[in-house]
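Worksheet: the structure to be examined is printed underneath.
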Amino acid sequence: MKLTIEDVRSRFIKHFDGTTGSVYASPGRINLIGEHTDYNNGFVFPGAVEQGMIAEIKPNGTRMVRAYSIDLKDYAEFSLDDEKGPSATHFRYIFGVCREMMALGVPVEGFNTAFAGDVPLGAGMSSSAALESCFAFALNDLWGDNKIEKMELAKVGQRTEHKYIGCNCGIMDQFASVFGKKGSLMRLDCRSGEYAYFPWEPKGYKLMLVNSCVKHELAGSPYNERRLQCEHVAEIIKAHHPEVETLRDANMDMLEEVKAEITADEYKRARYVIGEVERVLAVCAALEAGDYETVGQKMYETHTGLSQEYEVSCEELDFLNEVAKEEGVTGSRIMGGGFGGCTINLVAEELYNHFKEVVKKRFAEKYGKEPIVIDVVIGDGSRKLC
Ligand code: GLA
């Protein structure tokens with residue numbers, strides 16, 4: 001069921017004595033291709049989805065934030081001037097965003113808030129980035145005269161992950177949430193920050209997410225370790241090729257050259273990333289030519305790389321990928337950080353309903369429960385609803 005303003009407002013009124021405030025929304029995201037490339041300064045190709053977070057916010061004239069999570073039925077209060085902040089993760093996102101906006105000079109004041117989301121948690125669709133971006137956008141509107149640039153709002157969310165949650169993520173998720181545009185995917189160069197909108201109108205194809213419902217959790221996961229491995233390889237290559245700052249600048253020959261100086265795992269991780277940076281560009285060219293078969297083939301290559309070289313897949317995701325291949329789906333791969341969550345599938349329209357049924361049935365036969373199928377609709381980025 002789609003989350004509405006009313007769902008949030010009715011709870012806000014209940015919890016905060018019949019008052020109402022301003023309502024903001026920010027979406028989750030998909031990513032067509034370009035996984036684990038953002039923190040290697042490469043390219044990503046995300047788009048915002050219709051599902052997201054909605055928050056109602058009203059200044060309360062104090063230095064306290066009073067926050068109610070509608071989904072988790074959990075309430076917390078914290079002071080904006082506290083250094084440590086709340087311990088529950090869902091409130092730490094809000095705390096981190098407040099503190100980072102204040103560090104940018106935004107004179108944030110205390111507020112009451114109730115918030116809810118319809119991005120499935122742990123599905124690799126960036127529910128946390130949606131929450132961060134929602135509050136970053138809202139605080140900029142309420143106290144910052146909208147003077148903070150959108151890219152900086154995305155970075156506020158990213159810094160929140162790094163400093164308050166412990167996940168050293170890249171910029172893709174927060175970027176997609178803030179910058180999303182209905183009907184368009186976006187190609188972002190994570191080094192320069194340059195981006196372009198690509199209208200997503202594939203003739204004869206649709207995107208489908210299949211949620212394995214294996215919950216992924218990036219904080220404290222091998223995600224940070226992968227990032228360190230990539231940075232280490234880049235450092236070693238740089239000693240031979242000073243122009244190489246990150247794996248984005250490296251190529252397979254350079255990697256071969258340093259093979260003896262790095263571990264076997266590091267070699268595999270870097271091979272995946274260098275290949276993925278090239279695949280994003282190949283997909284852009286294929287899209288411009290309307291060549292969806294190539295787009296799909298690259299998606300399968302990404303899956304293989306994520307599974308065998310980057311090693312962020314799991315049995316259930318590999319099974320979903322296998323079923324897609326056997327059923328003749330054009331492209332399929334793990335989406336997001338991995339370790340669970342969804343596959344993203346590029347499916348020919350005539351196959352769409354058939355694949356939906358088959359994938360549910362076959363997964364249920366093997367794992368005892370149906371995966372959740374989500375039809376992808378590309379939606380707008382952070383915005384004020386009322
Ligand atoms: C998570 C991170 C992103 C990105 C993806 C993998 O979603 O938050 O920054 O690294 O994983 O592409």
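The values are calculated or read from the model by the stated rules, or taken from the named source; none is laboratory data. None of the values given here were measured: they were computed from a predicted structure. Note: ideal-geometry Cβ built from the backbone for every residue, glycine included; neighbour counts use all protein chains shown. Surface accessibility is based on the protein's heavy atoms, side chains included, excluding ligands, DNA and RNA. Shrake-Rupley method; radii C 1.70, N 1.55, O 1.52, S 1.80 Å.
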Taking every other residue with Cβ under 12 Å from the Cβ of MET64 and scoring Lys and Arg +1, Asp and Glu -1, one gets -2
Whole-Hz Karplus couplings 3J(HN,Hα) for region 176-182, θ = phi - 60° and coefficients 6.51, -1.76, 1.60, Gly and Pro as x, run 4, 5, 6, 8, x, 9, 3
Subtracting the Cα-Cα distance of LEU121 and LYS163 from 0.36 nm times their residue separation yields 13.0 nm
If each K or R counts +1 and each D or E counts -1, the residues other than LEU188 whose Cβ falls under 10 Å of its Cβ total -1
Here the gain from full extension of ASP291 to ASN251, 0.36 nm per residue of separation minus their alpha-carbon distance, amounts to 11.8 nm
Against the 2.2 N^0.38 Å rule of thumb, the C-alpha Rg of the chain sits at a ratio of 0.99
Residue span ASP265 to LYS147: 0.36 nm per residue of separation minus Cα-Cα distance leaves a gain in nm of 38.1 nm
Simple spin-label estimate for LYS325/ASP7, 7 Å along Cα→Cβ, in nm, reads 3.7 nm
Short to long, in 10 Å steps from zero, the percent of alpha-carbon pairs of region 205-375 per bin is 10, 34, 31, 18, 6, 0
Rounded to one decimal in nm, the spacing of the 7 Å Cα→Cβ label points at LYS361 and SER22 is 5.2 nm
Counting only protein heavy atoms and rolling a 1.4 Å probe, one gets per residue an accessible area for region 205-375 in Å² of 43 Å²
For the chain, the accessible surface attributable to carbon and sulfur atoms (probe 1.4 angstrom, ligands and nucleic acids excluded) amounts in percent to 48 percent
